[in-house]
Amino acid sequence: MKRVCVIDGQGGGIGATIIKALKRKYGETIEILALGTNAVATSQMLKAGANRGATGENPVVRTAPMVDLILGPVAVTWPNAMMGELTPRMAEAIVSSHAAKILIPLHQENIFLVGASREPLPHLVDALLHEYVKEVLKNV
């Protein structure tokens, strides 16, 4: 069974939206791990249907190397993003993981990604699932 890790912070809305879409498309054929930078984000992702969840730096650092796919907003790769919730150790663990990383270009930082889509979150999640995730999870 493929292990998919969804990482989010602040209110967990992006992660919860991704998890709901994954559950609709893949059901119980994948294991979804929710990693929140805070308890609210983790709680929202668990309510959305994640199989398991954990909060904080250590769970991210320990789990990122053990999954097949990492999903979330692009800011999870930026040290000190999300008002400081995303620690440098978290960003390093995520970027260094062997897992495929499919990231949505939504963020609240003062960083602009030239060429990134300005589509609303539901459209970006559809693209994430139908254009990218299906390639990584093609045997599921």
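Where a number appears in this text, it was derived from the coordinates with a stated rule and is not lab data. Note that this is a predicted model, so its numbers are computed, not measured. Ideal geometry is used to build each Cβ from the backbone, glycine not excepted, and the neighbour counts take in all protein chains shown.
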Checklist entry - If you take the square roots of the eigenvalues of the alpha-carbon gyration tensor of region 79-138 and sort them as a ≥ b ≥ c, do you get rounded (a/c under 1.5), prolate (a/b over b/c) or oblate? => result oblate
Checklist outcome for this item: At q = 0.09, 0.12, 0.15 1/Å the base-10 log of I(q)/I(0) from the Debye formula over the alpha-carbon atoms of region 2-135 is -0.21, -0.38, -0.62
Next on the checklist: I want to verify a result. In a Gaussian network model of the chain, Cα cutoff 10 Å, which of these has the top mean-square fluctuation: Thr77, Thr37, Thr29?
Outcome noted: Thr29
Checklist entry - How much FRET efficiency would the formula 1/(1 + (r/R0)^6) give for Asn51 and Asn139, where r is the Cβ-Cβ distance and R0 is 30 Å, rounded to 0.05? => result 0.95
Item to check | Whole-angstrom gap from region 87-140 to region 24-39, using each part's C-alpha centre | outcome: 15
Next on the checklist: Starting from 0.36 nm per residue, how many nanometres of slack lie between Met66 and Phe112 once their C-alpha separation is accounted for?
Outcome noted: 13.5 nm
Checklist entry - Hey, what do the phi angles of region 90-105 turn into as Karplus ³J(HN,Hα) couplings, whole Hz, using 6.51/-1.76/1.60 and θ = phi - 60°, x for Gly and Pro? => result 4, 4, 4, 5, 5, 5, 7, 4, 6, 4, 5, 10, 10, 10, 8, x
